[in-house]
Each structure stands twice: as structure tokens, then as C-alpha cells.
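Report on one structure; see the data block that follows.
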Amino acid sequence: MIGCYSGLTTPNTGATHQSINDLSIMRSIPKMIVVEVCDENELNQAIHGAVKYHGPIYIRMVRGDIEPYDSQPVMPEGYRFAFGKACVLREGSDVTLIGSGLMVSRCMEAERVLQKLKISAEVINCSAIKPLDEKTLLDSARKTGAVVTTENHSIIGSMGSAVVEFLAERCPVLVRRIGVMDKFGESGPMKNLFTEYGLTTQAVVNAAKQVLGYKPQEANS
């Protein structure tokens, strides 16, 4: 199954076509593989992988009516997609930024901003929403002790929820979630909606600084 109207990405069709709870629904279906790709290359590889996989798969993507800013490649050259596998795009030691879909590029931008503030951020593309790449997430959370999840989806029941549920049992750390709060979408240009709903690079930067503010001082040093 392919989900095309992910999150707040429907400038031509409006709020009636915004799917901001699809991941929550799909995650709850037993044995369902759930993936959200972040660029064209990852989508291409995910579809080829789905053809070979025996079982139900949900791949979340966006349609072509988005601005060039969100059509640029995000994953590095030579990247190889695999179900159940996340990808560390930048290594860091102070805070972990976990993104899916269009929010991965905003995490990358936030990492560069934080770097100028002497904050070392690790960036992970969590395209594997179900099953999670538990090892990659666990290793990063143990290293930084602070996590920010970012997604173009309701914060209820989706990627951020999956990460929090897992870490609560294996490695309780400070977490700040960025996503659509408990509300419906609105009609309008995608750029305006992302700003209104707080799905921006600056929002990621602010969340990282906020979660770092709660870390013990010795952990920040």
C-alpha cells in the first residue's frame, strides 16, 4: 500500500486530503511493515524492496506538488535501503534528532545551526517506523541522553510515539516530540502550514535546546 497525501502536503487539494493519522492506524495493524521515505532515491529502493517482500507493507510518501526545496536528495550517495533499518546521517554527542519523511532535511539543517552554537547533534533518518531499528536508536540515545523526534504527522501514535515507547522500556531519556498536535489540518500553502504547525528547522533547534536544558550539567559538558 502506498500513502500519497502524507501530512500537511496538499496545497492543491487542501485539508480534506491531509492524512495526519495514517501512521497511527497502520502501526496498529499486526505484521504490517510501515515505512516513510525522505527522498526519491529512498522511495525507489523501498518500492523495489516491497516487490520482493512477502507480507503487508505501507509506504508513506508525498505527491509531486511540493516545492523544489522538498524535492532535493537527502540520503547520501551509496545509501542502501533496508526494511527495519534507520540511517545515521550525522554523528553527534549532545542530542539526537530523529526525523522521518520531509522532516529529515529539517533535522539536517538544524544540525548545522546547532553546530554553530557548539551543540553536537546526531541526525537519524527513521524511515523504518515499524519495525524500529532498535539498535541504532538505542546506541544513539545512550550516547546523547537527549532526543528530539520530528514528523509530518500527528504526534499521537506515530514515529515519535514508537520511539518514546521503545526508549521508555530500554533507555529512558529526555525526549521532545515535534509534529501535528491534537488538531485537524487546514487548507493553505505547505510552507505556511509547516510554519503554523511548528514543523520547521527553527522548531527543531528550539526543541533541541529545550531538551538539553533539562539534562544534568555533567551530561552536557
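Counting only residues 5 or more places away or on other chains, whose amide H sits under 5 Å from the amide H of ILE178 once H atoms are built in the peptide plane?
THR149, THR150, GLU151
If amide hydrogens are placed 1.01 Å from N in the peptide plane, which non-local residues have theirs closer than 5 Å to the one on TYR58?
Result for TYR58 returns ILE33, VAL34, VAL35.
Fewest first, what order do ASP182, ASP65 take by the number of other Cβ atoms within 10 Å? Let's see the in-between values first.
Details: ASP182 7, ASP65 11.
In order of increasing Cβ crowding within 10 Å: ASP182, ASP65.
Under a cut-off of 18 Å between alpha-carbon atoms, report the aspartates and glutamates in cross-link reach of LYS215, not counting same-chain residues fewer than 8 places apart.
Answer for LYS215, where 18 Å is the Cα cut-off: ASP94, GLU122, ASP139, listed by chain and number.
Answer with one residue from ALA15, SER93, VAL180: the one whose Cα lies farthest towards the positive end of the charge dipole of the range 2-220, charges on Cβ with Lys, Arg +1 and Asp, Glu -1.
Result: SER93.
Tell me which chymotrypsin sites (Phe, Trp or Tyr not before Pro) from the range 110-219 have a DSSP coil assignment and no more than 15 other beta carbons within 10 Å of their own.
Working: sites: PHE166, PHE184, PHE194, TYR197, TYR214; in loops: PHE184, TYR197, TYR214.
Here the chymotrypsin sites (Phe, Trp or Tyr not before Pro) that fit, given the DSSP loop and packing criteria, are PHE184, TYR214.
Describe numerically, in nm with one decimal, the distance between label points set 7 Å from Cα along Cα→Cβ at ARG90 and at HIS17.
3.3
Please arrange HIS48, HIS54, HIS17, HIS153 by how many other C-beta atoms lie within 10 Å of their C-beta, fewest to most. List each step's numbers first, then the result.
Values: HIS48 11, HIS54 5, HIS17 14, HIS153 29.
With the fewest neighbours first, HIS48, HIS54, HIS17, HIS153 line up as HIS54, HIS48, HIS17, HIS153.
Select from SER100, SER28, SER154 the residue whose mean-square fluctuation is largest in a Gaussian network model of the chain (Cα-Cα springs shorter than 10 Å).
SER28
Near the amide H of ILE20, under 5 Å away, which other amide H atoms are found, from residues 5 or more places off or on another chain, if H is placed in the peptide plane?
HN-HN under 5 Å from ILE20: GLY7.
With a ≥ b ≥ c taken as the square roots of the eigenvalues of the C-alpha gyration tensor of the range 96-189, please select rounded if a/c is under 1.5 and otherwise prolate if a/b is larger than b/c or oblate if it is not?
Note, shape of the range 96-189 comes out oblate.
Could you pull out the GluC sites (Glu not before Pro) across the range 86-172 that fall in loop regions by DSSP (anything but H, G, I, E, B) with no more than 15 other Cβ atoms inside 10 Å?
Hits after loop and neighbour filter: GLU91.
So which residue, out of ALA208, ALA121, ALA15, gets the largest mean-square fluctuation from a GNM of the chain using Cα contacts under 10 Å as springs?
Checking each option, the largest mean-square fluctuation is seen for ALA15.
Taking θ as phi - 60°, what are the ³J(HN,Hα) couplings along the range 178-190 by the Karplus curve (6.51, -1.76, 1.60), each to the nearest whole Hz, with x for Gly and Pro?
10, x, 6, 5, 6, 7, 7, x, 10, 7, x, x, 4
Roughly how big is the chain's charge dipole about its Cα centre, with Cβ charges of +1 (Lys, Arg) and -1 (Asp, Glu), in debye to the nearest 20? List each step's numbers first, then the result.
Details: 23 positive and 24 negative charges, 83 e Å.
In debye, rounded to 20, the chain gives about 400.
Could you work out the relative contact order of the range 67-218, using alpha carbon pairs under 8 angstrom and six or more residues apart, expressed as a whole percent? Write down the numbers at each step before the final one.
On the way: 260 pairs, mean separation 37.8, N = 152.
In percent, rounded to a whole number, it is 25.
Which option, [x] 48, 39, 34; [y] 89, 52, 36; [z] 53, 32, 30, is the value of Cα extents along the principal axes in Å that was calculated from these coordinates?
[x]
What FRET efficiency do you get for GLN115 and TYR69 if R0 is 22 Å and r is their Cβ-Cβ distance, rounded to the nearest 0.05? Mind showing how you got there, number by number?
Values: r = 21 Å, r/R0 = 0.94.
E(calc), rounded to 0.05, equals 0.60.
Of the DSSP beta bridges with both residues in the chain, give the percent that are antiparallel, rounding to the nearest 5.
Values: 6 of 28 bridges.
Of all bridge pairs located within the chain, approximately 20 percent are antiparallel.
Out of the range 69-104, which trypsin sites (Lys or Arg not before Pro) are coil in DSSP terms and have no more than 10 other C-beta atoms within 10 Å?
Here the sparse-neighbourhood loop sites are ARG80.
Rounded to the nearest Å, what's the spacing between the alpha carbon centres of the range 34-107 and the range 160-210? Just the number, please.
Centre-to-centre distance over Cα atoms comes out at 17 Å.
Throughout, read-outs are computed from the coordinates displayed, never taken from laboratory work. Quick caveat: nothing in here was measured; it's all calculated off a predicted structure. For neighbour counting, all protein chains shown are included, and Cβ atoms are generated from backbone atoms with ideal geometry for every residue, glycine included.
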